[in-house]
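Starting off with a structure, shown below.
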Amino acid sequence: MVTAHQFAQHTKEAMVFVLVLGSLSMIWPAIMALAFGFILLLQSFGIEQHIAMLFSAQISHLPIIFASLQGSGSPAILS
């Protein structure tokens with residue numbers, strides 16, 4: 001037979017369990033969102049470096065383009 005004291009103790013334990021579970025259900029999405037945002041931030045730094053490498057490769061070819069334009073008759077383009 002369950003006494004009133006045991007019933008109150010079990011009820012209190014159940015309420016604490018539900019409160020902890022509810023708190024975790026609100027906290028975990030925020031933790032996951034922060035982790036996902038951090039991963040995207042790290043990934044964007046890697047992508048920026050890749051884009052910078054591509055851009056610097058394109059810049060290194062610009063003198064060749066300008067030299068070919070100047071030698072092939074750029075006054076005809078300007079007129």
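The values are calculated or read from the model by the stated rules, or taken from the named source; none is laboratory data. Here the structure is a predicted model, which is why all the values come from computation and not from measurement. Glycine gets a Cβ as well: all are built from the backbone with ideal geometry, and neighbour counts include every protein chain shown.
If Ile77 satisfies every condition in (1) modelled with pLDDT of 75 or more; (2) in contact with a helix residue (DSSP H, G or I) (Cβ under 8 Å, 6 or more places away or on another chain) but one, which is the exception?
(1)
Another one. Among (1) at pLDDT 60 or above; (2) assigned to a helix (DSSP H, G or I), where does Leu69 come up short?
Tallying (1) at pLDDT 60 or above; (2) assigned to a helix (DSSP H, G or I), Leu69 fails exactly one: (1).
Is the stretch 45-60 home to any residue that is hydroxyl-bearing (Ser, Thr, Tyr) and at pLDDT 85 or above? I'd like the intermediate steps shown before the answer.
Within the stretch 45-60, the first condition is being hydroxyl-bearing (Ser, Thr, Tyr), and the residues that meet it are 56, 60.
After this cut, where a residue has to be at pLDDT 85 or above as well, the list is none.
Checking the stretch 45-60: not a single residue is hydroxyl-bearing (Ser, Thr, Tyr) and at pLDDT 85 or above.
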